[in-house]
Amino acid sequence: TNGSAPAVPSDQYDSLYLSPVTVGSSTLHLDFDTGSSDLWVFSSLQAQSSLVGHDYYMVDPAKEKQGYTWKISYGDGSGASGKVYADKVVVGGVTATAQAVEAATAVSAQFTQDVDTDGLLGLAMSTLNTVKPQQQKTFFDTVLKQLAQPLFAVDLKYHAAGSYDFGFIDKSKYTGAINYVNADTSKGWWGVSATAYSIGNASTSATVSGILDTGTTLLYVDTPIVKAYYAKVKGSKMDNTQGGYVFPCSATLPDFSLTIGGVKQIVPGKHINYSPTSAGNCFGGIQTNDGIGFSILGDIFLKSKYVIHEMGSTPRIGFAQQ
Ligand SMILES: O=C(CNCc1ccccc1)Nc1scc(-c2ccccc2)c1C(=O)NCc1ccccc1
């Protein structure tokens, strides 16, 4: 079987993208996240006060995996924890009959406040799954054998609804060739490396190692590259109170690219104006990866491409122009 689910921006800045998923008998709107490997949801196990505004999973005690727990935390300090159930999960018509569903008993304020997000669906390697005493499979791993091809394709869009395709490549969603590179899955993520970057039409050789991450909003790369980029943006500055580089909203932003597999993957300058700030300037879509240890190619990088994640005998990533 194959299937496709929409990826709808949660707000006018594309902070995150939400996809409808049937979990048990509920339809929830989940943040598909290639940077993590837990399928966790808001649930009836939580205090009613935490559920206001959310759709949530009504747990069925008969489906509980007794004694199983999970606890996840993200680099921004947000997190959640809870119990585990085996239930039916359907994404775009692709059904996992006994998928590990991680029902929250507690979630951090960042998630409670975001009433549009009812949980996450992890699409990194199952080796990053946090369930104890036994790690569980991601939805993609659970359905892999039933898919026509062992892949999913990510089509996130700039200020518009895109999609996640499972088991097939949709030729109507890209132009030109698909450029494949081997994925480095050794750390549990979809890892890639670039051999150069370009700002406007000036190219510089550099090694940029990073992960593809639909769950991270922005593009985080090494400080020297970020400094070189904003040196080309008049009036830009690093503003610690705002947590990153900002610039006048009227600024013209140069295109940015990373050369992966010998092909320039271009991020249009327009996509790098992420959002206005409360201080009247605009927040950059490219920021430093200080404290992370590698680059994160988040939504800002992904939303101009059709990106195929293929879990064949050798995991591969394919890039095509939308
Ligand atoms: O955790 C992820 C993927 N999940 C992102 C996510 C989705 C919903 C809510 C919260 C987070 N990706 C990765 S891999 C490595 C990191 C990281 C980031 C900063 C410091 C240390 C590690 C992150 C991550 O936390 N991404 C989200 C994020 C939030 C704020 C700033 C940067 C990145």
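The values are calculated or read from the model by the stated rules, or taken from the named source; none is laboratory data. These figures come from a predicted structure and were not determined experimentally. Every residue, glycine among them, receives a Cβ derived from its backbone with ideal geometry; neighbour counts consider all protein chains shown. All accessible areas refer to the heavy atoms of the entire protein, side chains included, with ligands and DNA or RNA removed. Shrake-Rupley method; radii C 1.70, N 1.55, O 1.52, S 1.80 Å.
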Going by amide H atoms built from the backbone, whose H comes under 5 Å of the H on GLY244, apart from near neighbours?
ASP239
Set of lysines with alpha-carbon distance to LYS157 below 17 Å, sequence-local pairs under 8 removed
LYS171, LYS173, LYS270, LYS303, LYS305
Step through the residues of region 144-152 one at a time and calculate ³J(HN,Hα) from phi using the Karplus curve (6.51 cos²θ - 1.76 cosθ + 1.60, θ = phi - 60°), rounding each to whole Hz and writing x for Gly and Pro.
3, 5, 8, 7, 4, 10, x, 8, 9
Can you give the log10 of the normalised intensity I(q)/I(0) at q = 0.20, 0.27 Å⁻¹, computed with Debye over equal Cα scatterers of region 155-218?
-1.23, -1.24
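Kindly provide the helix-only [θ] at 222 nm of the chain, computed as the sum of -39,500 (n - 2.57) over DSSP H runs of four or more divided by all residues, to the nearest 500 deg cm²/dmol?
-1500 deg cm²/dmol
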Mind pulling the per residue volume of the convex hull built on the Cα atoms of region 183-301? Å³ is fine.
99 Å³
Tensor-based shape of region 1-73 (alpha-carbon gyration tensor, a/c under 1.5 rounded, otherwise prolate or oblate):
prolate
At each listed q (0.20, 0.24, 0.30 Å⁻¹), what is the log10 of I(q)/I(0) that the Debye formula gives for region 276-322 modelled as equal alpha-carbon point scatterers?
-0.88, -0.98, -1.05
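Once the piece of chain linking ASP290 and GLN48 is laid out straight, how much longer is it, given 0.36 nm per residue of separation minus the C-alpha distance between them? Intermediate values should be presented prior to the final figure.
Values: separation 242, 0.36 × 242 = 87.12 nm, distance 3.80 nm.
In short, 83.3 nm is gained.
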Could you sort 17-28, 184-195 so that the peptide with the highest average Cβ count within 10 Å comes first and the rest follow in order?
17-28, 184-195
Neighbours of THR207 by Cβ distance under 15 Å: Lys/Arg at +1, Asp/Glu at -1, summed charge -2
Cα extents of region 65-215 along the principal axes, largest first, in whole Å, come to 56, 37, 32
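Carbon and sulfur: what percent of region 205-322's accessible surface (1.4 Å probe)? If you can, show how the numbers build up before the last one.
Working: 2320 of 4580 Å².
Roughly 51 percent of what the probe reaches on region 205-322 is carbon or sulfur.
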Taking the mean number of other Cβ atoms within 10 Å as a proxy for protection, how do you rank 96-108, 117-129 from highest to lowest?
117-129, 96-108
What ³J(HN,Hα) values, in whole Hz, does the Karplus curve 6.51 cos²θ - 1.76 cosθ + 1.60 give for region 116-130 when θ = phi - 60°, with x put for Gly and Pro?
7, 8, 9, x, 10, 10, x, 10, 7, 6, 5, 5, 9, 5, 9
Ordering 306-319, 170-183 by per-residue average of other C-beta atoms within 10 angstrom, highest first, gives 306-319, 170-183
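Once you have the Kirkwood Rh of region 112-175 from its Cα pairs, apply Stokes-Einstein at 25 °C and 0.890 mPa s and quote D in µm²/s.
Details: Rh = 14.2 Å.
After rounding, the answer is 173 µm²/s.
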Output ³J(HN,Hα) for region 96-110: one whole-Hz value per residue in order, computed from phi by the Karplus curve 6.51 cos²θ - 1.76 cosθ + 1.60 with θ = phi - 60°, and x for Gly and Pro.
10, 6, 10, 6, 5, 9, 8, 8, 6, 9, 8, 9, 6, 4, 4
Considering amide H positions built from the backbone, and no H for Pro or chain starts, which residues 5 or more places from GLN265, or on another chain, come under 5 Å of its amide H?
LEU258, THR259, ILE260
Please list, or write none, the lysines whose alpha carbon is within less than 20 Å of the alpha carbon of LYS63, excluding same-chain residues fewer than 8 places away.
LYS71, LYS83, LYS88, LYS132, LYS137
Once you list every other residue whose beta carbon is under 14 Å from the beta carbon of THR252, what net charge do they have if Lys and Arg are +1 and Asp and Glu are -1?
+2
Surface accessible to a 1.4 Å probe, per residue, for the residues of region 74-214, Å²:
41 Å²
Computed over all unlike Cα pairs, the Kirkwood hydrodynamic radius of the chain in Å stands at 20.1 Å
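Express the accessible area of region 239-322 per residue in Å², computed with a 1.4 Å probe while the remaining protein chains stay in the model.
Numbers: 3020 Å² over 84 residues.
Accessible area per residue, region 239-322: 36 Å².
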